[in-house]
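As C-alpha cells, the structure follows; a few thoughts come after it.
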Amino acid sequence: MVREGLALAALAGARSVTGYLQQAFLWEAALKSVYKIRVHVFDRVLQRDLGFFEGNDSVPSGDVAYRITAEASDVADTVYSLLNTIVPNSLQVIAMATQMVVVSPALSFMAALAIPWTSLIIAYLGQRLRQISRNAHLSVARLSAYLNEVVPSILAVKANNGELKESMRFQMLALDDLEKLLRKRKMKALMPQIVQALYIGGLLLFSAGSLVVSKNSFDASGFLSFIMALTLLIEPIQDVGKAYNELKQGEPAIERLFDLTRFKSKVIEKPDAVDLDSITGDIKFCGVTFRYADNMPPVLNGLNLHIKPGERVALVGPSGGGKTTLTKLLLRLYDPHCGCILVDNHDVQDVQLKSLREHIVLVSQDIMLFSGTVAENIGYRDLIGKVNMEQVENAARISNADEFIATLSDGYETNIGQRGSLLSGGQKQRLAIARALYRKSSVLILDEATSALDSKSELLVRQALERMMADHTLTF
Ligand SMILES: Nc1ncnc2c1ncn2[C@@H]1O[C@H](COP(=O)(O)OP(=O)(O)O)[C@@H](O)[C@H]1O
Ligand SMILES: [Mg+2]
C-alpha cells in the first residue's frame, strides 16, 4: 500500500517536472526566436530610407514601436501555442486514426470523407479570424501612434487648453479598438464551438449511416471500438483547431512585423563605392532637380551651386524654400531626380554612405538629442564608454555650452531626459553644435541652428566657430 502510494507520488512528481520542462523549453524556443526577429526587424528599420519616416505615407513612429514591442510578443504567444498543441495532439490523432484503420478500413475511408468539407469550413473561418484580428491590430497601432504623438507634445496641449479635445480623440480611438478587440474575442470563442458542432453532427450522421450500411457485416464490439477511437479524436482535433486559430490570429502581427523589413531602398550604395579618407570640401550641385513625390512640384529645379574648399556660404530663402532639402540631398538621404552632386569631384552616388556622412556634419533645426548624459550626447559619434572626455569638454567650450553644463547637477554626467527635455531651446542647440564640433568633420552645415540662441550666445558661438573653422563652413 505504502509502496503504491509512493509510486503514485513519484509518478505525479515526474509528471509535473516534465510539464514544467516542456513549458520552459517551449517558451525558451518561442522567446528566443522573437528576440532574433526583433533585432532583425529593428536593424532593417534602421536601414530604411528617410522617406519611410517622413512625408505623406510614412508609418507613424508609434506604429513602428508597437510592432516591434507588443506585436513581436504576440508572435511569441503564437509560436508557443503552436508548439505546445501541435506536437502532442498530432501524436494522439495519428494513434487514434491508426486504430480506426486497423478496426475497419472501409469505415475509416467513409469517416475521412468528412475531412475535406470540414477543412473548407475551418479554412473559411480562419480567414475571417485573420481579417478581424488584423483590424484589431490596426486599431491598437493607431492608439499607440496617437499616444506617441500627443504625450511628447503635452506642453502644446495644455497651453492651448486641448485636454478635453485630446481626451475625446483618445476615447474615439479607444472605443474603436474596443469594438475590434471584442469582435476578435467573440470570433475566437465561436470558432471552436462551430468546429465541435460540425464534428459531433458528422459523427452522429456517420454512426447512423454505417449502422444501416454494415448491418451484419461486423460485430458490435468492433464497431464500438471504432466509435471510441473516433470520439477520442475530438479533443486533439479541437486542440489542433485552436492552434490553427492562434496561427490565424497571430498572422497579422507576423505580417506587419515583416512588412517593416520588406522594402527596396531608393538610396542604394554601389558595390564599388569609394571610401574617402578625407575631403577638402569642394561641393558642386549640377542641375539638381528634386521632388519628394512624383505628383508634387519640384522643391529644387535645375539648381547649380559651387562651394569651394574653405568657403563659408550662407543660403537665405523663405521657409519652405528648400534649404533643408538641399542638406538632405548632400547627405544623400534622398537622391535627386536629375543632375548630380559632387563632393571633391566624386559623385555622392559613388561614395560610401558611411564615408560621406562621416565628413559632412549637420546641426539640424530640429533638435536631435537623446536621453542620456551630456557627455554621451556630445560624443554621440563614439560608442558609449569610448567617448573622449577631453574632446567633449573642448567642444562644449567652443560652442559656449560649458557654462550651463557646469550649473547642471552632475555636470557632464547629467541625464538630459527624453530628447533633452531638461534643457532650454538655446541650451539644446548649443549641445547640438558641440556634438558637431566633436566630430571634427570637414564640412559643417548649420541648418538654422542658431535660431534659438539669444543674441549674446549667438555672437559667442559665431565667434567661436569663426576661430575654429579654418576649414569650410556652410550655413543654411
Ligand atoms: N518629407 C517631405 N515630404 C514631402 N514634402 C516635403 C518633405 N519635406 C519637406 N517637404 C516640402 O518641401 C519644401 C521644402 O522644404 P524644406 O527644404 O524643409 O524648406 P526650408 O527651406 O524651410 O528648409 C516645403 O514646401 C515642404 O513642404
Ligand atoms: Mg529648413
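Please treat every number below as a calculation from the coordinates, not as lab data. In this text, all values refer to a predicted model and were calculated from it rather than measured experimentally. Here Cβ is always computed from backbone atoms with ideal geometry, including for glycine, and neighbour counts include all displayed protein chains.
Cα centroids of region 27-64 and region 127-146: how far apart, whole angstrom?
17
Fewest first, what order do VAL374, VAL361 take by the number of other Cβ atoms within 10 Å?
Least to most surrounded, the residues fall as VAL361, VAL374.
Counting pairs of alpha carbon atoms under 8 Å apart in space and at least six apart in sequence, what relative contact order in percent does region 259-356 give?
Relative contact order for region 259-356 comes out at 41 percent.
Taking the 0 to 90 degree range and rounding to the nearest ten, how far is the long axis of helix 220-232 tilted relative to the main principal axis of the chain, both from C-alpha atoms?
Result, in degrees: 20.
What's the ranking of 380-389, 434-443 by average number of surrounding C-beta atoms within 10 Å, highest first?
Top to bottom by mean Cβ count within 10 Å: 434-443, 380-389.
Tell me which of SER319, HIS306, LEU333 sits at the most positive position along the dipole axis of region 302-347, charges placed on C-beta atoms (Lys, Arg +1; Asp, Glu -1).
Checked the options; the winner is SER319.
What's log10 of I(q)/I(0) for region 378-429 at q = 0.15, 0.22, 0.23 Å⁻¹, Debye sum over Cα points only, no solvent?
Rounded to two decimals, the profile gives -0.40, -0.91, -0.99.
Largest first and in whole Å, what are the equivalent-ellipsoid semi-axes of region 255-295 based on the Cα gyration tensor, each being the root of 5 times an eigenvalue?
Equivalent ellipsoid semi-axes, largest first: 30, 20, 9 Å.
Relative to the longest principal axis of the chain, what angle (0 to 90°, nearest 10) does the C-alpha long axis of helix 2-47 take?
Roughly 40 degrees between the two axes.
What ranking do SER225, SER167 get, fewest neighbouring Cβ atoms within 10 angstrom at the top?
Neighbour counts put them in this order, fewest first: SER167, SER225.
Residue by residue through region 99-109, which ³J(HN,Hα) values in whole Hz follow from phi under the Karplus form 6.51 cos²θ - 1.76 cosθ + 1.60 (θ = phi - 60°), with glycine and proline marked x?
4, 4, 4, 5, 5, 8, x, 5, 5, 4, 4
Just the ratio, please: alpha-carbon radius of gyration of region 142-182 over 2.2 N^0.38 Å, N its number of residues.
So region 142-182 has a normalised radius of gyration of 1.24.
In Å and from the alpha-carbon atoms only, list the Rg and Dmax of region 329-476.
Over region 329-476's Cα set, Rg and Dmax evaluate to 15.8, 52 Å.
Compute, for region 1-142, the length of the dipole vector about the Cα centre, with Cβ point charges of +1 (Lys, Arg) and -1 (Asp, Glu) only. Units Debye, rounded to 20.
That gives region 1-142 a dipole magnitude of about 220 debye.
List, in order, the whole-Hz ³J(HN,Hα) value for each residue of region 69-84 obtained from phi through the Karplus relation with A = 6.51, B = -1.76, C = 1.60 and θ = phi - 60°; use x for Gly and Pro.
8, 5, 5, 5, 5, 4, 4, 4, 4, 4, 4, 4, 5, 5, 4, 5
With 5 Å bins from zero, work out the P(r) of region 36-121 over every alpha carbon pair and list the percent per bin.
Computed distribution, short to long bins: 3, 10, 12, 12, 11, 8, 7, 8, 8, 7, 6, 4, 2, 0.
Using a 10 Å cut-off on Cβ atoms, rank the peptides 18-24, 227-233 from the highest mean neighbour count down.
Final packing ranking: 227-233, 18-24.
Over region 345-414, what portion of Cα pair distances is larger than 19 Å, expressed as a whole percent?
So the portion of pairs separated by more than 19 Å is 45 percent.
Net charge near LEU303: determine it from the other residues with C-beta under 15 Å of the C-beta of LEU303, scoring Lys and Arg +1 and Asp and Glu -1.
Here the charged neighbours net out to +3.
Please arrange ILE37, ILE268 by how many other C-beta atoms lie within 10 Å of their C-beta, fewest to most.
So the residues, fewest neighbours to most, are ILE268, ILE37.
Compute from the Cα atoms of region 92-158 the Rg and the Dmax, the latter being the longest Cα-Cα distance, and quote both in angstrom.
When restricted to the Cα atoms of region 92-158, Rg and Dmax are 25.0, 76 Å.
Where the centroid of each part is defined by its Cα atoms, how far is region 164-240 from region 337-383 in Å?
59
Assign unit charges at the C-beta atoms only (+1 for Lys and Arg, -1 for Asp and Glu), then state the dipole size of region 264-321 relative to its Cα centre in Debye, rounded to the nearest 20.
260
So for region 74-188, Kirkwood radius off the Cα pairs, Stokes-Einstein at 25 °C and 0.890 mPa s: how many µm² s⁻¹?
D, rounded to a whole number, is 132 µm²/s.
At 4 °C and 1.567 mPa s, grab the translational diffusion coefficient of region 135-283 from Stokes-Einstein with a Kirkwood Rh over Cα pairs, rounded to a whole number in µm² per second.
Value of D from the Cα-based Kirkwood radius: 58 µm²/s.
In cubic angstrom, how much convex hull volume per residue do the alpha carbon atoms of the chain span?
Spelled out: Cα convex hull of the chain, divided by residues, is 259 Å³.
If you average the sequence gap of Cα pairs under 8 Å that are 6 or more apart and divide by the length of the chain, what percent do you get for the contact order?
That works out to 15 percent.
Which one of SER153, LEU26, GLY62 has its Cα pushed farthest toward the positive end of the charge dipole of region 25-182, where Lys and Arg give +1 and Asp and Glu give -1 at the Cβ?
Of the candidates, LEU26 comes out farthest on the positive side.
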